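This report refers to the structure that appears directly beneath it.
The values are calculated or read from the model by the stated rules, or taken from the named source; none is laboratory data. This one's a predicted model, so the numbers in the text were calculated from it and none came from an experiment. Counting neighbours? That spans all protein chains shown, and the Cβs are built from the backbone with ideal geometry, glycine included.
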Amino acid sequence: DAGVIQSPRHEVTEMGQEVTLRCKPISGHNSLFWYRQTMMRGLELLIYFNNNVPIDDSGMPEDRFSAKMPNASFSTLKIQPSEPRDSAVYFCASSFGFDTGELFFGEGSRLTVL
Amino acid sequence: AQSVTQLDSQVPVFEEAPVELRCNYSSSVSVYLFWYVQYPNQGLQLLLKYLSGSTLVKGINGFEAEFNKSQTSFHLRKPSVHISDTAEYFCAVSENSGYSTLTFGKGTMLLVSP
């Protein structure tokens, strides 16, 4: 079975540009999470969805960040405009519900903003 | 709100030696506890979890962890490590209720040398 699929794996962009990260969760999973990982702050939960509905976006750092989940098999995280401090690895994870806490992570998208 | 403390950022150990990675948590309600492992350039994967029942939990790759409610700890152990165990290990907690998401510790890098 395919796991969580993220694209792109690597993105290098210049400050001010728009960045779109994409995620395809595991089929049948109804919860989706976006995390950001940096050396300084570790793993931070940005936003999560349940049944395609955003439940909590309090972790989104600024209005420059937005996330959508138009259907059960696709989600995007957009940064506009990007800044050097947004450089990080962004992970998407999915799960079936919230009961057990077992998240399945994608391999991440490494973003570098110059 | 829950929190997780991983006391050691890095643990160097020789191959075939035992290892313990420490994790303490804080929560005002009952919790679920998890250990995840992250190999270089990969996403996190579940190593083991405690939901209820026996406080000694066995996971993949010979790892085990013990839930100690009075000490609010969930330390990870392995009696004999291999070079291939070199990775970053994350302890995580979620509260046993509703829409409770995982809160991760900062991670412990396990460095196994020959």
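Among the residues that make up region B:69-87, is at least one of them in contact (Cβ under 8 Å) with a residue 60 or more places away in the chain and within 14 Å of another protein chain (Cβ to nearest Cβ)?
no
Going through B:ASN24, B:ASN41, B:ASN68 one at a time, which residue ends up being within 12 Å of the chain's Cα centre (by Cα) and not aliphatic (A, V, I, L, M)?
B:ASN24
Against the conditions (1) within 21 Å of A:ILE47 (Cα to Cα); (2) more than 13 Å from every other protein chain (Cβ to nearest Cβ), where does B:THR103 fall short? Just the number, please.
It fails just one condition, (2).
May I ask you to list the residues in region A:24-45 that are in contact with a Leu (Cβ under 7 Å, 6 or more places away or on another chain) and either within 11 Å of another protein chain (Cβ to nearest Cβ) or at pLDDT below 95 (or both)?
Of everything in region A:24-45, those that are in contact with a Leu (Cβ under 7 Å, 6 or more places away or on another chain) and either within 11 Å of another protein chain (Cβ to nearest Cβ) or at pLDDT below 95 (or both) turn out to be A:PHE33, A:TYR35, A:GLN37.
Considering A:SER75, A:SER66, which residue is modelled with pLDDT of 95 or more and closer than 15 Å to A:ASN50 by Cβ?
Checking each option against the conditions leaves just A:SER75.
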